[in-house]
1. For region 341-533, what does the alpha-carbon gyration tensor say about shape, rounded, prolate or oblate, given a ≥ b ≥ c as the root eigenvalues, a/c under 1.5 as rounded, and a/b over b/c as prolate?
2. Whole angstrom only: what separates the Cα centroid of region 293-331 from the Cα centroid of region 108-158?
3. 7 Å from Cα along Cα→Cβ at both Tyr401 and Lys169: what's the point-to-point distance in nm?
4. ³J(HN,Hα) across region 249-256 via Karplus (A = 6.51, B = -1.76, C = 1.60, θ = phi - 60°), whole Hz, x for Gly/Pro?
5. Place a label point 7 angstrom from the Cα of Glu206 along the Cα-to-Cβ direction, then list the residues of region 137-172 whose backbone nitrogen is under 18 Å away.
6. Starting from the Cα of Tyr26, step 7 Å along the direction of its Cβ; do the same at Tyr416; then give the gap between the two resulting points in nm.
7. Stretched out fully, how many nm does the piece from Arg148 to Ser338 gain, at 0.36 nm a residue minus the Cα gap?
8. Would you work out the charge dipole size for region 476-539 about its Cα centre, treating the Cβ of every Lys and Arg as +1 and the Cβ of every Asp and Glu as -1, and quote it to the nearest 20 debye?
Amino acid sequence: MPLHSAVALFYAAASLFAIAGAEDPYRFYSWNVTYGDIYPLGVRQTGLLINGQFPGPDIHSVTNDNLIINVYNNLNESFLLSWNGVQQRRNSYEDGVFGTTCPIPPGKNFTYMLQVKDQIGSFYYYPSLGFHKAAGGFGGIRILSRPRIPVPFPDPAGDYTVLIGDWYKSNHTVLQAHLDGGKKLPFPDGVLINGRGPGGASFNVEQGKTYRLRISNVGLQNSLNFRIQNHRLTLVEVEGTHTLQTTYSSIDLHLGQSCSVLFTADQPAQDYYIVASTRFTNPVLTTTATLRYSNSAGPVSGPPPGGPTIQIDWSLNQARSIRTNLTASGPRPNPQGSYHYGLINTTRTIRLANSAGQVNGKQRYAVNSVSFVLPDTPLKLADYFKIGGVFRPGSISDNPYGGGIYLDTSVLNADYRAFVEIVFENTENIIQSWHLNGYSFFVVGMDGGQWTAASRNGYNLRDAVARCTTQVYPKSWTAIYVALDNVGVWNLRSEYWARQYLGQQLYLRVYTDSTSLRDEYPIPKNALLCGRAAGRSTRPL
C-alpha cells in the first residue's frame, strides 16, 4: 500500500473511532483474497486463500482494539467477509453480510474498521456471500483480556486455534449450482481439522504443561464431537463468556459454535489422537489430528477413541451443564454475574419455527413460513438513505402460523433497549443451529417437545451461558433472552449453510429515532454503495 494511502487510511479510521471517544490500540491487516489449489481430502479442488493460506490467518487482538483490515478481492466475483461473534457495537455497517454491507467487487478492495468493544473470547471469520464458505476463506479470531483484568485460570503454556468442520470434495460452485437447481445438499465427504484431512494436522506439547485450544465448528452441515485420546478437556470459555470449569471426556460443537478448553499433557510421552466426528449421522464421519509430546517415545497406536454418535440426551445434558462463571470478570473488572438478567421482565416473546418444503418445485427453507430472498440493496443502506421498496419492517410474524412457505425479504422490527424472549421451535427430525449477529444472548432453556408458557418454569434465570450461537435439538425448542442494546440491522440465521442459502434466515432491525452518536455510528466514509444506493454519497469525514 502506498505511504500516502496508508496515512489517509489511518486518519480515516482514527476519525471514526474518535467520534466514540475511543483511544484504544490499532491493529492493521492487509489481506489478499485469491483462488488456489487445495488438497484437504487428497483430491485437487479450488479453495479460497487469504494471503495464500488455507485456512486464513488468525486475528489476535485485545479487548477494545481497533482492527483495520484491508481486503483485496482478487477473485472473478464479488466477495465479503463476516466476523462470527464480533458484536460490531453501534456499527452494523461493518458486519460483512449482504443485509448490511455491499460486496467487494472483483479487482477492488475494501477496508473494514472494526472495534472488538467490551469483548473477550474465541470466534472466527468466514466468507458470507453465496456458497463461498464451502471453499474456505475462514480463520480464527481471539480477543484476549486486557492485562489488568483477571482471567480465572493460569496462563497456558500454549494457545492453539482449532477449526473443525465437515467438507466436500466438490468445488463450492458445484454445490451452489446443486442448490440453485432446487436440490438438497448431499452428505459431506469428510471432516477437516485446520484445513487438513485424517492425520494431516498436529499440535506440539511438553509433558506436564497445560494448553488452551480455541475450537470452532466452521462446517456446513453437521454437529461435531471433539476429543483427545486419554486426555480430559476442561471447558473455560464459550463465545466470550467464562464458564464454570467443568471437565469432559469430549465436547459437542454445533454448527457455528466456538469454545475454549484446557487440557494438561499428563500422559506417558508419546503421540495421541485428536478426533473430530459427526454427530446424529449415519454413517459417522471421523477425522484425526496428532497430539505430539516433545519427548514422544512413539507414534499413535490403536484405533482412535470412539465418541457419542446419535445420542441426543448425552448432548442435551452436556449443553445444560454449560454455565456462566459468575465470579469471573468478563471484558471489564467486574464479575460476570453482576448483570441479573433473570430479574428483568421481558417485553416481547418471539417464536421462530424452522421448516422445509418446495416452492415452485425447488427446495426451500423458512422461518415462520417465510423463506428469505436477498434484496437488491443492503437493508442497512436502504434504511440509512430511506430508500422505499427494499423491505418492509415487520414482514415476518412474531409467531409461526403453520401456513405454506412463501418468499419474501423478512425483517423483524424491534425497539432499541427492549428485553425480549426468543423461542426457537424445531419440529423437524434434524438438529438446528442458530446465530444472531451483533449480540450475545442468554440461553435460558432447552428441552424436547412443544414449547408452552409453562416451559418458563424450567428456565435457568441465574447462570445461563451468554453466547451468540445455540443449537435446537430435533423435535425440541431452545429459549434465549436478549437485551436489544445494539442499534442496527442484524442477521439471524441458520448455521446449516444450505438452509441459510435457501431461505432460513431473517434480519432483526433494532431501531431508534435517535440520531445520537451514543446510539449508533454514522455510515462509514468508505462504505461501498450498490443497488439502489449506488451513486449516492456517504458523508464527509
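1. oblate
2. One Cα centre to the other: 22 Å.
3. The modelled label-to-label distance comes out at 4.8 nm.
4. The phi angles translate into 7, 7, 9, 7, 10, 8, 3, x Hz.
5. The answer is 154-160.
6. With each label placed 7 Å out from Cα toward Cβ, I get 2.7 nm.
7. On the way: separation 190, 0.36 × 190 = 68.40 nm, distance 1.89 nm.
Working it through step by step, the gained length comes to 66.5 nm.
8. On the way: 8 positive and 5 negative charges, 69 e Å.
It works out to roughly 320 debye.
The values are calculated or read from the model by the stated rules, or taken from the named source; none is laboratory data. Quick caveat, the model's predicted, so the values are computed rather than measured. Counting neighbours? That spans all protein chains shown, and the Cβs are built from the backbone with ideal geometry, glycine included. Keep in mind that these areas ignore ligands, DNA and RNA; they rest on the heavy atoms of the full protein, side chains included. Shrake-Rupley method; radii C 1.70, N 1.55, O 1.52, S 1.80 Å.
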